[in-house]
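Chemist: Mind looking over this structure? Questions follow.
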Amino acid sequence: MITERSEVSAAVVDGRIYLVGGLTRNGTSDIVEVFDPSSGSWSFSKPLPVGLDHAAAVSLGGELFVIGGYTQGWVESGRVFSYSPQTGEWKSRANLTVARGALTAQAIGNRIYAVGGEGESLYGVLESYIPENNSWSVLEAMPTAREHLASAVVGGRLHVIGGRKSFYDNLAAHEVFDPETGNWSSLGQMPTARGGIAAVSHKGRIHVFGGESPLKVFGKHEVFIPENSTWQSLSSMPTPRHGLAAVELNGSIHLIAGGKLPGGHYSSVHEVFTVIT
């Protein structure tokens, strides 16, 4: 069982799930826990260099990258760290050009794309990380500035979905960035406006889970089908949550941690969704 937390980030590196940081009952956490599918168990890894919640986690080149987030006291961070399972060590990478938390990030090819979030203001900023020279470049901004959003990659394009302008203003926006053209376009909105969500690409489709509003937590599970640009509702999560992590591993989707009530709430829930085809 994992440590109770929410507003976590996660990525798969070398066939294992790394669950990073988040909020606990004691505040912002530096905890890193690792799920090994061969044993079905969790263990602790080396902690983050600093506690972070609402960060983004990405796997690139066999390393775990942790990007942005908030430090204790809701202070937005522009720091970027990478962890090597081979050496067991963290190292600092170039900072984001805009410090922010509640952002989302994905790897496409040998680049990391970090978009959205909140800090001194609400951001639509999109930045690309180039590992060869350890630098970030600013690209065309996302049309709809938002935070607590989610993203996934299909066909080499970055799909950015949902999120919110504030705790009281959830969004259903679905915008897509094409690295080949450097341009954004809009697609059909997600059926349910939600922030605090998690998304994952699985077999060419995008699954979006959970979320919150001031009055409720969502268990919704909605799927975008790129072939015909439509959305479909599938079975809801057994445990509705916000601020959870979603990753694909060995053909199944793992839904980990998150709050079971709106606002500051935490859990150690780990549920797995398997698509039967």
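Chemist: How large are Rg and Dmax for segment 223-275 when calculated on the C-alpha trace, in angstrom?
Modeler: 12.9, 38
Chemist: Roughly how far apart, in whole Å, are the Cα centres of segment 105-144 and segment 157-177?
Modeler: Using only Cα atoms to place each centre, the spacing works out to 15 Å.
Chemist: Suppose R0 equals 51 Å. What FRET efficiency, 1/(1 + (r/R0)^6) with r the Cβ-Cβ distance, do residue 180 and residue 276 give to the nearest 0.05?
Modeler: 0.90
Chemist: Here's a follow-up. When the convex hull of the Cα atoms of segment 125-239 is projected onto a plane and the area is averaged over all directions, what value comes out in nm²?
Modeler: Result: 8.0 nm².
Chemist: Would you mind ranking 2, 256, 112, 197 so that the residue whose beta carbon has the fewest other beta carbons within 10 Å leads the list?
Modeler: 2, 112, 256, 197
Chemist: Follow-up. I need the Kirkwood Rh of the chain: take the reciprocal of the average 1/r across all distinct C-alpha pairs and report it in angstrom.
Modeler: By the Kirkwood definition, the hydrodynamic radius is 18.1 Å.
Chemist: Now for a separate question. Please give the residues of segment 232-253, grouped as numeric ranges, whose backbone N is less than 19 Å from a label point set 7 Å along the Cα-to-Cβ vector of residue 261.
Modeler: Zone members listed by number: 239-244.
Chemist: Could you tally up the Lys pairs in the chain with alpha carbons closer than 26 Å? Skip any pair fewer than 8 positions apart unless they're on separate chains.
Modeler: Within the chain, the lysine pair count is 7.
Chemist: Relative contact order for segment 9-274: what is it in percent, counting Cα pairs under 8 Å that are at least 6 residues apart?
Modeler: 10 percent
Chemist: Let me ask something else. Under a crude label model (7 Å from the Cα following the beta-carbon direction), how far is residue 130 from residue 239 in nanometres?
Modeler: Using points 7 Å along Cα→Cβ, the separation is 4.4 nm.
Read-outs: derived from the displayed coordinates by stated rules, not from any lab. Nothing here was measured: the structure is a model prediction, and the numbers come from that model. Using ideal geometry, Cβ is built from the backbone for each residue, glycine included, and neighbour counts are taken over all protein chains shown.
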